[in-house]
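*Asks:* I'd like to ask some things about the structure below.
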Amino acid sequence: MRQILATIALTLICLTASAQEGSWKGELDLGSMKLPLVFNFSADGCTMDSPAQGAKGIKAEKTADADGTIKVTVSAIGASYEGRLEGDAIKGTFKQGGVSLPLTLKKGMVEVKRPQTPKPPFPYTTEEVSFRNDGFTLNGTLTLPEGVTKDTPVVVMVTGSGQQNRDEELFMHKPFAVIADALARQGIATLRYDDRGYGDKSVAFQNYTTVDFKTDAEAALALMRGRFKNVGVLGHSEGGTIALMLAAEGKTDFAVSMAGMAMPGSETLLKQNRDGLKKAGVPDDMAEAYCQALGETFSCIAEGKAAETGCSEKVPPQLRQMFDKAVKQCETPFFRCFVTLDIRASLKDVKCPVLAINGKKDTQVDCQQNLDALRQGLTGCKPRIMAFDNLNHLLQHCTTGDVREYQQIEETIAPEVLETIAKWITETTKP
């Protein structure tokens, strides 16, 4: 009898596990936003995806009981999920960091709509190209409009901070592919390339700096000068800063800065931290103590010293772990360079045409501060400086400008931004 019952129980478990196989999606309600999650169940195990954070295939462990209960442990992020199969849904609770939230899963993948991503057929051609710099081979795509000649203007595109591919892909948005497509349709060629070491896990990307990435862009400009007479650079975020640096050094015929940083890196990081703490509901006095200690750490770095961990004593206990993590990050070559980066003094040396644009709801690179710095600094040329209403750091139409909105917005880049860039380049490069 016991053997019969054991067999029945085993059969029920197998049937339950079989019913749960496949991809199951759900949304965590975080109040200010919805965070989609996907669990991929198979006979061999389980993985989790967080599309909004660009994370796929996070390894997890699962168990299934005869009553339809499923338990998932995601050790890599200290999270767990327990739910029960009820009809066509699994209803349960997601836990992480002491927080418990209800999560209902239904079969299927999260549908991500990106209507601006270019789709064939294309009224232009593309070439795969590569070039060398600093021991790296950088691979890219050269997009060529119909009737291309040596007189066709070409734009080298430089990505923002963090290792990215040639499309500057983020949350399944492909901003650089969208820009390349829009410009090609207006008779403008573009070169977009993968960041150094992209796809090679052995490359410690944090060991390279904005100055290193600027030399990569210089190599790309040199490659284009072998084929075109009028060669410009377009950069987004950190890439926008690099575009301005290259313009100040006289290495580009024109420059487009999209949400580029002109203010010092230390001030930008402090503002980001102050704003982030405020949004998280941290009391003003605690947030100010944190930012003051962080500012002192930046001062140590500017003096060539090690990041001062002793400053953590001034930080409220509730924020100390976060502060120590930030200080550790500041010791990387990238952040030591970024903290001390200040291009304002070199802006007077820019002689070529410059288009600088920002979104008024940019929460990463403050629109007013940075565009004001450009207005004051670009005295050697006649720049076009524009602030767009209701656009965020990615130049998307948005509600709050918060980073967490990026994935939820279907638009990749506001059409008026694409139109402005194409029209300005066409007018600027006319014979």
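*Asks:* Could you work out how far helix 210-225 tilts from the main Cα principal axis of the chain, as a 0 to 90 degree angle to the nearest 10?
*Replies:* Between helix and principal axis, roughly 60 degrees.
*Asks:* Using 0.36 nm times the number of residues separating THR73 and ALA204, minus their current alpha carbon distance, what extension gain do you get?
*Replies:* Fully extending the segment from THR73 to ALA204 adds 44.2 nm.
*Asks:* Sequence gap of 8 or more, or different chains, plus Cα separation below 26 Å: how many lysine pairs satisfy both in region 298-431?
*Replies:* The number of close lysine pairs in region 298-431 is 18.
*Asks:* Another question about this same structure. Using a ≥ b ≥ c from the Cα gyration tensor of region 160-232 (square roots of the eigenvalues), is it rounded, prolate or oblate, where a/c under 1.5 gives rounded and otherwise the larger of a/b and b/c decides, a/b for prolate?
*Replies:* The shape class here is oblate.
*Asks:* Among DSSP beta bridges whose residues both lie in the chain, state the antiparallel percentage, nearest 5.
*Replies:* For the chain, the DSSP antiparallel bridge percentage is about 75.
*Asks:* Name the shape class, rounded, prolate or oblate, that the alpha-carbon gyration tensor gives for region 246-398, where a ≥ b ≥ c are the square roots of its eigenvalues, rounded holds for a/c under 1.5, and otherwise prolate holds if a/b is larger than b/c and oblate otherwise.
*Replies:* oblate
*Asks:* Next question. Between beta-carbons, use under 12 Å as the cut-off and find the net charge around ASP349, counting Lys and Arg +1, Asp and Glu -1.
*Replies:* Charge balance in the 12 Å sphere: +3.
*Asks:* Please work out how much length the chain gains when fully extended from THR340 to MET172, using 0.36 nm per residue of separation minus the C-alpha to C-alpha distance, in nm with one decimal.
*Replies:* 57.3 nm
*Asks:* Accessible area per residue, 1.4 Å probe, Å², for region 95-228: what's the number?
*Replies:* Result: 47 Å² of accessible area for each residue.
*Asks:* Would you give the gap between the C-alpha center of region 198-276 and the C-alpha center of region 413-431, rounded to a whole Å?
*Replies:* 20 Å
*Asks:* When ligands, DNA and RNA are left out and all protein chains stay put, how many square angstrom of accessible area per residue does region 301-431 have with a 1.4 Å probe?
*Replies:* 51 Å²
*Asks:* Provide the gained length on full extension for the span VAL211 to THR426, in nm with one decimal, where the gain is 0.36 nm per separating residue minus the Cα-Cα distance.
*Replies:* 74.5 nm
*Asks:* Whole angstrom only: what separates the Cα centroid of region 343-358 from the Cα centroid of region 104-130?
*Replies:* Answer, in whole Å: 34.
*Asks:* Would you mind getting me the FRET efficiency between GLN292 and LYS229? Use the beta-carbon distance for r and R0 = 45 Å, nearest 0.05.
*Replies:* Given R0 = 45 Å and the Cβ-Cβ separation, E is 0.30.
*Asks:* Tell me the label-point distance for the pair THR104, ARG375, using the 7 Å Cα-to-Cβ offset, in nm and rounded to one decimal.
*Replies:* Each label point lies 7 Å from its Cα, and together they span 5.1 nm.
*Asks:* Here's something else I'd like to know. How large a share of the accessible area of the chain, in percent, is made up of carbon and sulfur atoms when the probe is 1.4 Å and the other protein chains stay in place?
*Replies:* The value for the chain is 51 percent carbon and sulfur by accessible area.
*Asks:* Could you compute the net charge surrounding GLU61? Neighbours are other residues with a C-beta less than 15 Å from the C-beta of GLU61; K and R count +1, D and E count -1.
*Replies:* Value of the local net charge: +1.
*Asks:* Moving on to the next point. To the nearest 0.05, how large is the calculated FRET efficiency for THR137 and ASP44 if R₀ is 35 Å and r is the Cβ-Cβ distance?
*Replies:* E between THR137 and ASP44, to the nearest 0.05, is 0.45.
*Asks:* Helix 265-279: angle to the longest alpha-carbon principal axis of the chain, degrees 0 to 90, nearest 10?
*Replies:* The two axes meet at around 40 degrees.
The values are calculated or read from the model by the stated rules, or taken from the named source; none is laboratory data. Only a predicted model underlies this, so the values are computations on that prediction, with no experimental measurement involved. Glycine gets a Cβ as well: all are built from the backbone with ideal geometry, and neighbour counts include every protein chain shown. Areas reflect the complete protein model, heavy atoms only, side chains present, ligands, DNA and RNA absent. Shrake-Rupley method; radii C 1.70, N 1.55, O 1.52, S 1.80 Å.
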